[in-house]
Amino acid sequence: MKEISAATKALFEAAENGDFSMLIHRIENTGADLTERDPEGNMVLAWAVNSGNLESVRYLVERCGLDPAEENNRGETPWDMAVQGNQKEILDYFAQSQGYAYEESFHNPIRRGFFPDPSVVRVGEDFYMVNSSFAFFPCIPISHSKDLINWNIIGYAITKPEYARLEELYGGRGYWAPDISYCDGRFFITATLRGNDEMEKRRLQMVTSSNRPEGPYDEPVFLDIDGIDPSIFHDEDGRKYMLINKGARILELSRDCTTVLSHPAMLWYGDWKIKPEGPHLLKRGEYYYLFLAEGGTGRGHRITVARAKQLKGPYEPCPYNPILRQWDESALTQCCGHGKPFQLPDGRWYLVYLGLRMVNGAYGILGRETFLAPLHWTEDGWPVAGKRRKPEAQMKRPLPSAVPESEPLCLGGYPMWKGRHWMTPRPLQEGKIRLEEDECLLTGSDEDLNAISCRSILVERQTAFCFEASCGLRIPEMKEGQSLGLVCYYDENSYIKFGVFRQGKGYKLMLAEFVGDSYQTCRQFDFDGGQEVSAEDELYLKVEAENLKRRFSWSRGREFQEAACLTDTSYLSSEGLSKGKRFTGAAVGIYVHGSICGRFTDWQYKNNS
């Protein structure tokens, strides 16, 4: 972050001191920049809120146009700070100026952690969402909500390993940009199966359907159509179409969406014309509206719209394009795009889209997450997202809060050990994981975690920058070179192992960082005080994360002792390492390396931010 100017520092001091006269002077008579942020990502409004000076706050909101819902680097808004400081006058003013009470608000994102490329469909009072899963299994999580804020995974589009086709795929390949739709009592899910570059068919379009949103879904059909980001449009006359990039191309499908009836034809190549993809089509009134993601997945990602009175066009671009993008390059949330619109039962419209929250302004360690924005229709019939065509951190809940129903005990063939949503890089082999009372038994093989053939990694999504995770394990009889323990995982190219291994006649702790093509560090630790550890002994391992820093500790009982601290784990993000296609997010879980069975107990995961 660039150094704050002297004029802005003086402005912050005036706001912090509650000096309203000096605040006005600094804004109106000096070179203060109201877009500048302090090292925590706060604008001047946050400093005014902390001072408790309502006059300053009112001036900054009403005369300077600053937003009480503008987030800092921790995702906190001035409105949050007013709550934390119990600033009653300011809270009353924010409620009046925003038009709703703090308790009626929610914070984006609505799906935290690795939930990219969202697509939502509403059926009655229920909302169903799918997200990309790439090379992880089960494939394509299906989430359910009644209020658009609280979500539960209720199933997966592909739950049988023999249907997944993931065995040889690198991390970052697999299932891209799924879409869910509903017609005539049936749910349809489509996605791109992205193969490795050396494969003859690098891009196929998967289609499956079910009469139940949670599944089971039919055996998937793979259509030989080159492109990515498919969606299915059900027209009013009952005909079915697939939209696919580049730009927005359209082709007709059979009524069950399993057979291609026409060649792809271009509808619109986008407004910005840089990597136009993610097409979605809807019919509203006399127009067909075509939504596109443009600009690639990095900064500058955006959503654009065009419309036509005939399905095949020609399409007229929206004069307000882009209808959503991140304009502030210093904001926490970046790379916003890939949106799909949907309508609420009362007629209002909303849009789900992806965004990337950055640590230190550079590393999206959580992966691309799912965000929500209201979609407003202009008088001349165009959709525009949010207040100012940009992401909003805090806004009014679209619907009354509704707690999701309890989740099943087993999803996608994987037991819900400790109530968590587990996933594996590529499908596990049969019998490799099982539950016995409160223990999770994971059987390994000789392949290390950097091998595509490794099938002994069980992880869940990291959903906050700061978290802690721990588990117990019973040490099995091991040979040298074998190990088991905790893993912080991105893909086969970057991960951290913290576990127990055999050396000579005894056991030691080890911490190993794999980055790129090799282990960058591999540290070994004796158990403190010369403690002897034997097979069948039980240990506890823990990792505590604070942004890019991770502390690793162990215990024979419950008093943890720190073994090591890593200060830069940026390689657990797509931005922190250039190798292959990196579109997922950080995860944490357990692993086994070697032909041994690990018995894990008492898994705990807790977000601290």
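The values are calculated or read from the model by the stated rules, or taken from the named source; none is laboratory data. The structure presented is a predicted model; accordingly, all values stated were derived computationally and were not measured. Backbone-built Cβ (ideal geometry, glycine too); neighbour counts: all protein chains shown. For accessibility, only protein heavy atoms count, side chains too; no ligands or nucleic acids. Shrake-Rupley method; radii C 1.70, N 1.55, O 1.52, S 1.80 Å.
Data table
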| item | result |
| --- | --- |
| Condition met for E379 (crowded, with 23+ Cβ neighbours inside 10 Å and either at pLDDT below 95 or acidic (D, E) (or both)) | no |
| Test: residue in region 465-488 that is surrounded by fewer than 20 Cβ atoms within 10 Å (Cβ to Cβ), over 26 Å from F552 (Cβ atoms) and of a type in the set (K, R) | no |
| Filtered residues of region 422-448 (kept if in a loop (DSSP other than H, G, I, E, B), farther than 18 Å from K160 by Cβ and either open to solvent by 10 Å² or more (accessible area, probe 1.4 Å) or without any contact (Cβ under 8 Å) to a residue 12 or more places away in the chain (or both)) | E437, D438, S445, D446, E447, D448 |
| Qualifying positions in region 544-580 - over 21 Å from the mean Cα position of the chain (by Cα), closer than 19 Å to L366 by Cβ and of a type in the set (A, V, I, L, M, F, W, C) | L566 |
| One residue from L366, L290 being farther than 30 Å from K549 by Cα and either of a type in the set (A, V, I, L, M, F, W, C) or open to solvent by less than 20 Å² (accessible area, probe 1.4 Å) (or both) | L290 |
| Failed item, numbered, when R455 is tested on (1) in a loop (DSSP other than H, G, I, E, B); (2) out of contact with any Lys or Arg (no Cβ under 8 Å at 6 or more places or on another chain); (3) among the charged types (D, E, K, R) | (2) |
| Subset of region 172-188 (residues that are open to solvent by less than 10 Å² (accessible area, probe 1.4 Å) and under 18 Å from G113 (Cα atoms)) | G172, Y175, A177, P178 |
| Single residue of L399, L366 found to be farther than 19 Å from S105 by Cα, assigned to a loop (DSSP other than H, G, I, E, B) and modelled with pLDDT of 95 or more | L366 |
| Candidates N17, N53, filtered to the one that is open to solvent by 40 Å² or more (accessible area, probe 1.4 Å), more than 30 Å from I142 (Cα to Cα), touching a residue at least 24 places away in the same chain (Cβ under 8 Å) and among the polar types (S, T, N, Q) | N17 |
| Single match in G99, G171, G185 (criterion: small (G, A, S) and either within 30 Å of M81 (Cβ to Cβ) or in contact with a Leu (Cβ under 8 Å, 6 or more places away or on another chain) (or both)) | G99 |
| Selection from region 189-221 of residues that are open to solvent by 40 Å² or more (accessible area, probe 1.4 Å) and in a strand (DSSP E or B) | R203, V221 |
| Residue in region 60-70 that is within 22 Å of L91 (Cα to Cα), open to solvent by 40 Å² or more (accessible area, probe 1.4 Å), touching a residue at least 60 places away in the same chain (Cβ under 8 Å) and in a loop (DSSP other than H, G, I, E, B) present | yes |
| Residue count for region 531-557, restricted to those that are closer than 30 Å to T463 by Cβ and in contact (Cβ under 8 Å) with a residue 60 or more places away in the chain | 13 |
| Condition met for E392 (open to solvent by 10 Å² or more (accessible area, probe 1.4 Å), without any contact (Cβ under 8 Å) to a residue 40 or more places away in the chain and within 30 Å of R348 (Cβ to Cβ)) | no |
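Per-residue answers, yes or no, for (1) assigned to a loop (DSSP other than H, G, I, E, B); (2) open to solvent by less than 40 Å² (accessible area, probe 1.4 Å); (3) among the hydrophobic types (A, V, I, L, M, F, W, C):
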residue	(1), (2), (3)
L539	no, yes, yes
V543	no, yes, yes
R550	no, yes, no
G557	yes, yes, no
A563	no, yes, yes
D568	yes, no, no
Y571	no, yes, no
Y591	no, yes, no
F600	no, yes, yes
